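Values quoted throughout were computed directly from the atomic coordinates according to the rules given, and no laboratory measurement underlies them. Note that this is a predicted model, so its numbers are computed, not measured. Note that we place each Cβ from the backbone using ideal geometry, even for glycine, and neighbour counts take in every protein chain shown.
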Amino acid sequence: MLVILAGAMWGAMTGFLGQEMVPSGETFQVKNILDAGPWAGPQIPQDWSVRVNRFWIDYSPEGAIDQFYSDLSVLDKTGKEVDRKTIHVNEPLRYRGVTFYQADWSLAAVRIRLNKSPVLQLPMAQLDTQGKGRIWGSWIPTKPDLSAGVSLLAKDLQGIMLVYGTDGKLLTTVRAGSAIEVNGVTLAIDEVVGSTGLQIKADPGIPIVYTGFGLLMLSVLMSYLSHSQIWALEKDGKLYVGGRTNRAQVIFEREVVEILDKLADLKNSGGTSSIGPASLASQN
């Protein structure tokens with residue numbers, strides 16, 4: 001128990017907990033620290049970063065989220081990849097004592113083209129739905145003076161988006177990879193960009209805590225083993241026998257009595273042992 005307590009205290013003093021919401025394709029360093037111990041500085045990554053190569057979601061045939069994934073690369077200070085892993089819920093990335101868990105997701109941006117323009121990436125913000133679900137939206141101007149435009153709404157990465165006019169009426173729906181005509185321009189939706197929500201944690205006390213639990217389980221198993229001791233003293237032609245045990249006292253007494261009975265039988269049968277009347281003293 002003392003080892004477990006020491007490990008928990010060490011983890012609280014030297015560990016940290018952070019969260020990051022990172023768009024697909026971006027590189028980040030751990031900055032958003034939610035909780036950290038007074039000696040957690042060396043544990044927070046300083047000379048390496050992480051790149052989100054890709055984030056995607058698998059959906060069930062009914063349209064519900066089945067699993068979401070993040071393809072992560074660990075980069076050294078020169079930008080060289082030193083580790084890579086695709087993580088999902090219950091399958092984190094671990095590097096230098098820091099663990100990256102897949103915890104959440106969001107929509108970061110939408111990539112569009114207006115007529116023959118280059119690809120434009122516009123941010124998407126989560127809307128307040130009063131607890132009725134998660135919806136993200138973005139406003140796309142269709143005129144250079146920003147006097148007209150449409151609103152795009154999406155609830156997931158499946159690519160189906162709702163298009164609303166400035167009067168708040170639904171105009172049409174559009175899927176990523178297709179185009180529509182709105183306000184006299186051709187609006188093409190190239191891609192909906194997702195963000196991965198990562199929980200980042202370092203706890204140097206975990207190995208100590210696990211060691212303590214291992215010792216605790218070992219001691220529990222050992223407590224089920226019987227430890228017995230027997231003492232014998234011969235004085236004035238009599239044999240005095242005493243003993244103690246940590247478990248099964250009644251059984252222990254019976255075993256000692258059986259031994260004494262055998263010794264008495266040996267004497268009565270004419271053996272060489274000079275054993276007098278026996279007495280038994282036992283302790284818990």
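Close amide-amide hydrogen proximity is noted between Gly205 and Gly11, each under 5 Å apart and 5 or more residues distant or on a separate chain (H modeled in the peptide plane; Pro and chain starts excluded).
Applying a length cut-off of 15 Å (Cα extent along the axis) and a mean Kyte-Doolittle floor of 0.5 to the DSSP H helices of the chain leaves 2-14, 206-223.
For the stretch 108-194, a Kirkwood hydrodynamic radius built from all Cα pairs, placed in the Stokes-Einstein relation at 4 °C and 1.567 mPa s, yields a translational diffusion coefficient of 99 µm²/s. With both residues required to sit in the chain, DSSP beta bridges show an antiparallel share near 95%. Karplus-based coupling profile of the stretch 27-36, in residue order and whole Hz: 10, 9, 10, 6, 10, 7, 8, 8, 8, 8, with θ = phi - 60° in 6.51 cos²θ - 1.76 cosθ + 1.60 and x standing for Gly or Pro. Once a ≥ b ≥ c are taken as the square roots of the eigenvalues of the Cα gyration tensor of the stretch 90-236, is the result rounded (a/c under 1.5), prolate (a/b larger than b/c) or oblate (a/b not larger than b/c)? Prolate is the answer for the stretch 90-236, as a/c is 1.5 or above and a/b outweighs b/c. Loop-located trypsin sites (Lys or Arg not before Pro) in the stretch 139-221 (DSSP state not H, G, I, E or B) with no more than 10 neighbouring Cβ atoms inside 10 Å: Lys169. Amide H to amide H distances under 5 Å link Asn246 with His227, where only residues 5 or more positions off or on other chains count and H is placed in the peptide plane.
Highest GNM mean-square fluctuation among Val241, Val192, Val82, for the chain modelled with Cα contacts below 10 Å: Val241.
For Lys235, the lysines whose Cα comes closer than 17 Å to its Cα, not counting residues fewer than 8 places off in the same chain, are Lys267. Checking the Cα-Cα distances for Lys31/Lys77; Lys85/Lys201; Lys85/Lys155 against a 21 Å cut-off, the pairs over it are Lys85/Lys155.
May I ask for the net charge around Asp190, where only other residues with Cβ less than 14 Å from the Cβ of Asp190 are counted and Lys, Arg are +1 while Asp, Glu are -1? Around Asp190, the charge tally is +3. Using the rule -39500 (n - 2.57) for each DSSP H run of four or more residues, divided by the residues of the chain, the 222 nm mean residue ellipticity is -6000 deg cm²/dmol.
Amide H contacts under 5 Å for Thr142: Ala148, Gly149, Val150, restricted to partners 5 or more places along the chain or on a different chain, H placed in the peptide plane at 1.01 Å from N. For Lys132, a cut-off of 16 angstrom between C-alpha atoms picks up these aspartates and glutamates, skipping any fewer than 8 places away in its own chain: Asp156. Couplings 3J(HN,Hα) for the stretch 144-158, derived from phi with the Karplus relation 6.51 cos²θ - 1.76 cosθ + 1.60 (θ = phi - 60°), are x, 8, 6, 7, 9, x, 9, 9, 10, 10, 9, 10, 7, 9, 6 Hz, where x marks Gly and Pro. Over all pairs of different C-alpha atoms, the stretch 1-149 has a mean inverse distance whose reciprocal, the Kirkwood radius, equals 18.7 Å. Phi-derived couplings, Karplus 6.51 cos²θ - 1.76 cosθ + 1.60 at θ = phi - 60°, listed residue by residue for the stretch 103-116: 10, 7, 7, 7, 9, 9, 6, 10, 9, 10, 9, 10, 6, 10 Hz, with x used for Gly and Pro. Its alpha carbons considered, the chain gives a radius of gyration followed by a Dmax of 36.6, 123 Å.
Comparing Ser49, Ser269, Ser178 in a Gaussian network model of the chain where C-alpha atoms under 10 Å apart are linked, the largest mean-square fluctuation is found at Ser269. GNM remark for the chain: springs join alpha carbons under 10 Å apart, and the peak mean-square fluctuation among Pro118, Pro144, Pro92 falls on Pro144.
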